[in-house]
Each structure stands twice: as C-alpha cells, then as structure tokens.
1. Looking only at the stretch 89-100, how many residues end up being within 25 Å of SER152 (Cα to Cα) and out of contact with any helix residue (DSSP H, G or I) (no Cβ under 9 Å at 6 or more places or on another chain)?
2. Looking only at the stretch 66-89, how many residues end up being open to solvent by 50 Å² or more (accessible area, probe 1.4 Å) and either in contact with a Leu (Cβ under 7 Å, 6 or more places away or on another chain) or within 21 Å of HIS198 (Cα to Cα) (or both)?
3. Enumerate the pairs (first residue in the stretch 108-123 and aliphatic (A, V, I, L, M); second residue anywhere and assigned to a helix (DSSP H, G or I) and surrounded by fewer than 17 Cβ atoms within 10 Å (Cβ to Cβ)) with beta-carbon separation below 8 Å, excluding pairs fewer than 6 apart on the same chain, so at least 6 apart or on different chains.
4. Kindly indicate whether any position in the stretch 140-159 is small (Gly, Ala, Ser) and farther than 23 Å from LEU54 by Cα.
5. Any chance the stretch 186-202 includes a residue that's part of a strand (DSSP E or B) and open to solvent by 10 Å² or more (accessible area, probe 1.4 Å)?
6. Hey, can you tell me all the residues within the stretch 122-148 that are touching a strand residue (DSSP E or B) at 6+ places or on another chain (Cβ under 9 Å) and either part of a helix (DSSP H, G or I) or modelled with pLDDT of 95 or more (or both)?
7. If the Cβ limit is 6 Å and pairs must be 6+ apart or interchain, which residue in the stretch 211-222 that is open to solvent by 10 Å² or more (accessible area, probe 1.4 Å) pairs with which residue that is polar (S, T, N, Q) and part of a loop (DSSP other than H, G, I, E, B)?
8. Could you list, in sequence order, the residues of the stretch 149-179 that are in a strand (DSSP E or B), of a type in the set (Val, Ile, Thr) and open to solvent by 10 Å² or more (accessible area, probe 1.4 Å)?
Amino acid sequence: MKFSDPHLLLAGLERSLRFYVTNPSPCPYLPDRKERKAFTNLAIPEADAVHNVLSQSGFRRSQSIAYRPACARCNACKSVRVATRDFELSRNDRRVIARNETLVRRPVAAQATREQFRLLKTYVTTRHDNGGMSDMTYRDYVAMVGGSPVQSLIFEYREGPEPDAPLVAAAITDVLRDGLSMVYTFFDPSKASRSLGHYLILDHILHAHDLGLPHLYLGYWVKGSPKMDYKRRYKPLEVLDGDRWRP
C-alpha cells in the first residue's frame with residue numbers, strides 16, 4: 001500500500017521518494033495491539049544524504065530499507081537519541097566501564113564473518129530464542145550486514161588488542177552526519193556480570209562525543225514495554241515529538 005501521510009515526513013521527501021506501509025501485524029512490544037510500518041528503499045544513488053534526513057525524522061534502517069511506525073491509533077513508539085555532549089557518567093556507569101576495561105573496540109568494514117555469526121547465534125539462542133532472528137542462517141547474516149547502502153561499520157570488541165583475541169561483543173553501527181546510530185548489538189551471554197549491553201551503549205556515547213558527533217540514536221522507546229524501558233537511563237535523552245526533538 002502506498003504511504004501518503006506527509007506529516008510524518010520531513011518536507012519534500014514525500015515527493016522525492018516512494019513510501020509504502022505494511023499490513024497490520026502483531027505488535028512485538030505491546031500486547032493486543034497491531035503495528036504498521038512506513039518504509040522506503042535506500043538503494044538509491046543519494047542513499048547517505050537521504051538516510052541522514054530520514055534518521056532525523058525518526059526512521060530506522062534494516063538492510064536497504066528505512067522504516068518507522070505508522071500505526072493508525074497508536075503513537076507509543078518514540079524515536080530517542082542521547083545528547084552526547086551533555087552526557088555524564090554515573091557511578092554505576094563507571095563501574096561497568098571498569099569491568100570491561102580489557103575490551104578493545106576495533107571498527108571493521110560491514111562485512112560478515114563466521115566468527116561474528118557464531119557469537120550472534122549464541123546471543124540469539126540464549127536471549128531471544130523465540131524472536132524473529134532465531135532461525136537466521138549465515139547467508140541471512142551476510143545479507144543483514146552487507147545489505148547496507150549507507151555508511152556503516154561493525155565495531156568489534158575483543159578481549160585484548162590482538163586481531164585474533166576472543167570476540168566478546170559486536171555492534172552494527174551507522175555513521176550519520178550528526179551522530180552514530182546503533183542498528184544491532186550482540187554479545188557473549190555467558191558474561192552477564194559485565195553488563196555488556198549497557199557497556200556497548202556507554203562506549204558508543206563516549207566514542208560519538210570523541211568524534212565530535214552530538215547524538216547517539218537508540219531507535220524507539222516504547223512506554224509500557226519492558227523490552228525498551230532500559231533506554232530511559234541514558235540522559236539527557238531527546239525524544240522526537242512530531243517534527244521536533246525535545247528533552
């Protein structure tokens with residue numbers, strides 16, 4: 001179905017791109033609700049420029065598709081981003097960073113490896129066994145990583161500086177003009193005491209700040225969804241309200 005709700009888009013985009021909306025499907029965050037998504041194809045020559053504009057308008061990327069919620073009677077999904085320049089580490093944040101001080105972040109090209117896939121499968125099987133990625137094959141992972149038409153990296157986190165040091169965590173991350181956007185993260189679930197999910201976000205906030213990028217995009221926060229409530233802990237948090245970002 002053609003998507004024709006221009007108030008959800010930045011001015012001009014509805015004329016330069018083709019947008020569509022999915023059929024209703026069960027909402028993965030709120031029970032007894034249906035979700036619909038507006039989406040467009042980023043496999044175009046000006047993909048990076050369009051992706052930057054769409055990200056500021058609340059869209060997320062999956063492979064070559066940019067999407068955002070377009071539910072008829074629900075607006076619970078809110079795009080959020082961290083203001084990196086004003087972020088201050090709490091005492092607990094510093095403890096988490098200290099617990100992971102042996103990890104070395106290394107940016108690599110967005111190309112799939114078997115090592116990454118093994119870690120991903122372990123993570124999904126342990127944490128999200130009933131989710132949509134539970135039956136992912138290596139070919140699926142190759143498409144997930146290599147299908148990006150925009151500037152994207154994989155940040156590998158290894159237990160030491162050696163190239164063959166154990167891979168503990170990874171983050172598929174898009175690079176925007178005004179920030180980093182965390183697309184998907186996964187880590188060794190046997191190391192729960194290290195709070196790796198929290199650490200990856202903290203490290204991205206600090207890295208974005210070091211790069212002079214003012215924002216870290218975290219996707220959607222959904223009020224009433226335990227799956228998404230963790231995003232409220234990263235402050236100052238900005239939420240997209242209509243066409244404006246506000247604290």
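1. Total satisfying the criteria: 0.
2. Of the residues in the stretch 66-89, 4 are open to solvent by 50 Å² or more (accessible area, probe 1.4 Å) and either in contact with a Leu (Cβ under 7 Å, 6 or more places away or on another chain) or within 21 Å of HIS198 (Cα to Cα) (or both).
3. That search, which allows pairs on different chains as well, returns ALA110/GLY146; ALA112/TYR138; ALA112/VAL142; ALA112/GLY146.
4. Checked the stretch 140-159: no residue is small (Gly, Ala, Ser) and farther than 23 Å from LEU54 by Cα.
5. yes
6. THR122, TYR123, VAL124, ARG127, MET144, VAL145
7. Filtered contacts from the stretch 211-222: no entries.
8. Hit for the stretch 149-179 is VAL175, nothing else.
The values are calculated or read from the model by the stated rules, or taken from the named source; none is laboratory data. Remember, it's a predicted structure, so these values are computed and weren't measured experimentally. Backbone-built Cβ (ideal geometry, glycine too); neighbour counts: all protein chains shown. Remember, those area values only see protein heavy atoms, side chains included, never the ligands or the DNA or RNA. Shrake-Rupley method; radii C 1.70, N 1.55, O 1.52, S 1.80 Å.
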